[in-house]
1. Return the residue satisfying two criteria in turn: it lies in the stretch 366-378 and is under 54 Å from the mean Cα position of the chain (by Cα) and surrounded by fewer than 22 Cβ atoms within 10 Å (Cβ to Cβ), and of such residues it is nearest to ligand 1 (Cβ to nearest atom).
2. May I ask you to list the residues in the stretch 133-142 that are crowded, with 19+ Cβ neighbours inside 10 Å and more than 15 Å from residue 88 (Cβ to Cβ)?
3. Would you point out which residue out of 168, 179 is in contact with an Asp or Glu (Cβ under 7 Å, 6 or more places away or on another chain), small (Gly, Ala, Ser), touching a residue at least 60 places away in the same chain (Cβ under 8 Å) and in a helix (DSSP H, G or I)?
4. Say we look at the stretch 427-449 and pick out the residues that are β-branched (Val, Ile, Thr) and within 11 Å of ligand 1 (Cβ to nearest atom); which of these is farthest from residue 363 (Cα to Cα)?
5. Among the residues of the stretch 213-246 satisfying the criterion of being within 17 Å of residue 195 (Cβ to Cβ) and of a type in the set (Val, Ile, Thr), which is modelled with the lowest pLDDT?
6. Can you tell me which condition residue 290 does not meet? The list is (1) touching a residue at least 60 places away in the same chain (Cβ under 8 Å); (2) of a type outside the set (S, T, N, Q); (3) loosely packed, with under 12 Cβ neighbours inside 10 Å, and all the others hold.
7. Given the conditions (1) modelled with pLDDT of 95 or more; (2) away from ligand 1 (no atom under 15 Å from the Cβ), report the number of the one that residue 339 does not fulfil.
8. Only one of these is closer than 17 Å to residue 313 by Cβ, away from ligand 1 (no atom under 15 Å from the Cβ), of a type outside the set (Lys, Arg) and assigned to a helix (DSSP H, G or I): 351, 355. Name it.
Amino acid sequence: MKHKIAYRLALTYGLIFILAVAAIDAALVLVYRDNQLKKNENFYFGLSSMFATMVENNIKITNYINYNEGLVGQNNGRVLLLDTEGKVLLDSGSELIGVSLTNQEFRKALESGKPATGYYSFENKGMAMFSYPVHFSGHIKAVVMISVFIQDIYDDINRFAMQIIVISALVVIMVITASIWMGRRLSEPIVRLTTAAEQIYKGKIDTTVEINRTDEIGRLAGTFNRMSGELKKIETGRRRFISDVSHELKTPLSSIKALIEALIASETEDELCKEYLQDINHEIDRLTGLVCSLLTSARLEEVMIKGEPLLLAEEVDCAIRALLPLAAQKHISLENTCDRSVVIHADRNMLKEVLINLIDNSIKYGVQCGTVSIECSHNSFNVVDNGCGISEEDLPNIFDSFYRVDQSRTGENGSGIGLFIVKRIIELHGFAISVSSKPGSGSVFTVTF
Ligand SMILES: Nc1ncnc2c1ncn2[C@@H]1O[C@H](COP(=O)(O)OP(=O)(O)O)[C@@H](O)[C@H]1O
Ligand SMILES: [Mg+2]
């Protein structure tokens, strides 16, 4: 079933509503029934009380009984006057005079001295029996008994009950329909989200859902779409990365192959052979560098940083020591102007990687006899050089993987992964990196922590 929630909701609401409505209906019908019977009872007690008063005052009531029999008789009723033994003294129907009756209402009235009522069914018709004691100087001397059919009252109550049941049934149907509609409104976007998630699972990762709502489901759909957008970006990045890596590996491999083939084909002199082997060696160095960088960047995906308080100036010293031979080749001087007290909370190896990459770039892209200086403050450090600089259009891209500024301008052939790794490490630490540069006059890389 596609809209399970809708039907479950309808069933739950429906059941709760049916129970509530049934309870209310039953209460209403009972109250109505009580009211109707009470009204009827009051009427006949009034009549009985009148007879009783007449009997108490020795007024001859035969005529009245006969007269009132008309009133009672409308309901096929009967009026009797019984003595305390239950013997009928007067009967509006005459046949029972002299007969002894001892029904329940008669006994109740005698025993309690108060009026009593009983309800019966006679020939499938509802009937009521009222008894009313007659007093003579403080003692009960006789009892007035009235019996009437009250089937019309029962019919009226049944009609009332039927009307209420019909109205309630209509309301229940309306409630169930409304809950199905509501449930569908609730589950329909969930069904669509599920379908979209299945699509993504099957590989169509750019699947999105169009749900224009501002509630939680709308927010869920928004997040879902952002997630699928992000997945798409990651997938595109992954593909590009693989193709970049393959390309990067292919270039040195082809030149190694070409050099070796040239060596095989020629009857080489030792000098040329050496030269070729040096080129091959150089290409292999490049390959090794590239593979190392790739390994570092792959490791960064799953690494946990082990942050510790480090004296920044000491870490800079350490990085400078490692790069001195490289700087010496270009007669570049490396300066550490850091405040010795600056402490940075970072992973030592990763910080070293960042410093070496930034200083290495400044040397690589620096001018002969230039300077590279590392300056620190309490919340940032800068790597400043007076090298070739970076043009404005290249600046936003230099942190992308494999991005290199046109090599003919810089004369260097790096892999373009260094700054990508730097950025990743900086992000892992929750730091930020920025760069400002002017072509021809140098660059400043700033890490803020
Ligand atoms: N200090 C710098 N001065 C000039 N250009 C730089 C500097 N640092 C980085 N770049 C430019 O940014 C590019 C990306 O740097 P990076 O990712 O370290 O790659 P790589 O060093 O392998 O070329 C470099 O190719 C270079 O063109
Ligand atoms: Mg680099």
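1. 373
2. Listed by number, the list holds a single entry, 133.
3. On inspection, the qualifying residue turns out to be 168.
4. 435
5. Filtering the stretch 213-246 for residues that are within 17 Å of residue 195 (Cβ to Cβ) and of a type in the set (Val, Ile, Thr), the one modelled with the lowest pLDDT comes out as 217.
6. For residue 290, the exception is condition (3).
7. With respect to (1) modelled with pLDDT of 95 or more; (2) away from ligand 1 (no atom under 15 Å from the Cβ), residue 339 is out only on (1).
8. Only one candidate passes the filter, namely 351.
The values are calculated or read from the model by the stated rules, or taken from the named source; none is laboratory data. Just so you know, these numbers come straight off a predicted model, no measurement behind them. We place every Cβ from the backbone using ideal geometry, glycine too, and count neighbours over all the protein chains shown.
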